[in-house]
1. Could you size up the charge dipole of the chain around its Cα centre, putting +1 on the beta carbon of Lys and Arg and -1 on that of Asp and Glu, and report it in debye to the nearest 20?
2. If each residue of separation counts as 0.36 nm, what is the full-extension length gain between A53 and A143 once their alpha-carbon separation is subtracted?
3. Taking K and R as +1 and D and E as -1, what net charge do the other residues with C-beta under 10 Å from the C-beta of V145 add up to?
4. What per residue convex hull volume, in Å³, comes out for the chain when only alpha-carbon positions are used?
5. When you count, for each residue, the other Cβ atoms within 10 Å and take the mean per peptide, how do 157-168, 44-55 rank with the highest first?
6. Is it possible to state the helix-based mean residue ellipticity at 222 nm for the chain, with each DSSP H run of 4+ residues giving -39500 (n - 2.57), the sum divided by total residues, to the nearest 500 deg cm²/dmol? What is it?
7. If you place +1 on the Cβ of every Lys and Arg and -1 on the Cβ of every Asp and Glu, how big does the dipole about the Cα centre of the stretch 85-222 come out, in debye to the nearest 20?
8. Taking θ as phi - 60°, what are the ³J(HN,Hα) couplings along the stretch 87-104 by the Karplus curve (6.51, -1.76, 1.60), each to the nearest whole Hz, with x for Gly and Pro?
Amino acid sequence: MRIDLHAHSNVSDGTETPADVMASAARAGLDVVALTDHDSTDGWPQASQAALAHGVALVPGMEVSCRTEQGISVHLLSYLHDPAHPGLLEEITKSKDARLTRAERMVTLLAEDYPLTWDDVIHHVAPGATLGRPHIADALVAAGVVSDRSEAFTSILTSRSRYFVQHYAPDPATAVELVRAAGGVPVFAHPVASSRGRIVGERTYRDMIDAGLAGLEIDHRDNPEEGREFLRGLAARHGLLITGSSDYHGTGKPNLLGENMTSPEVLARIEELGTGTAVVRP
Ligand code: AMP
Ligand code: FE
Ligand code: FE
Ligand code: ZN
């Protein structure tokens, strides 16, 4: 069984429609794929239909943007939650709205030094999609400022850049509680991805575990090996599930579907724990 539990569509910052992500998953030989767009479940209906058509199983999911008190960014994957649960829906709606204002502020700053307008950015965003720095990167690529998203993220768009602006995001422990309340299964995405910015300390893990964290995404290309060892120890001590995933973004990132995978046993456990919605099986 080939199971990949982390993929994005153009409902957030992936480059393919939800249906095309399902087609790509089938082509990559996956049996199971999770659609985990940032702060949105809008892709679920289209993905469900396409999953049936392409003969892959879909795990409906989402990736919740969070930030600790210390200002460290945390991504929390949620699987099989009820998309209409008011508490969780309110938080992701707040984040999504804040992302819009934040992107406008970043573009205002960037426009002082680069040939970039708000229209150039919007051109790369599907209607209603969760707006992120990758969309600004796409506009910078189109303007010839950088050659691809990765280059934009190593310089102009990093969290250390002078053009970077934060947006509202819930605290990770609060997000874990909300995902659980919505019947979902919360998994800490790429926890030790130090290339993306500062990573959290023990206190945050403890708070998230106390709030009901179910798993750690250990097999992810952005987790360096020494960090994975620490995570394996943590998972063993606290009985946390271990997942592996690609974090596919279409052509927006080099990550390929199936480059990291999750075991059938862990998927079975996620299905037992997730009560807000069901896996869609062909
Ligand atoms: P934001 O959510 O607006 O803060 O932007 C973060 C998003 O940018 C993440 O979801 C990543 O998918 C994407 N990202 C981060 N680093 C890179 C990179 N080096 N290349 C392409 N996309 C990236
Ligand atoms: Fe992303
Ligand atoms: Fe992420
Ligand atoms: Zn992701």
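Here, each number is a calculation from the coordinates, and none is a lab measurement. The structure displayed is predicted, hence computed values, not measured ones. Methodologically, a virtual Cβ is constructed for each residue, glycine included, from the backbone with ideal geometry; neighbour enumeration extends over all protein chains shown.
1. 300 debye
2. 28.6 nm
3. In short, -2.
4. For the chain, the hull spanned by Cα atoms encloses 113 Å³ per residue.
5. Descending packing order for the listed peptides: 44-55, 157-168.
6. Working: 10 runs with 112 residues, N = 282.
So the helix-based figure for the chain works out to -12000 deg cm²/dmol.
7. 220 debye
8. x, 5, 4, 4, 5, 5, 5, 4, 4, 4, 5, 5, 4, 5, 4, 4, 5, 4
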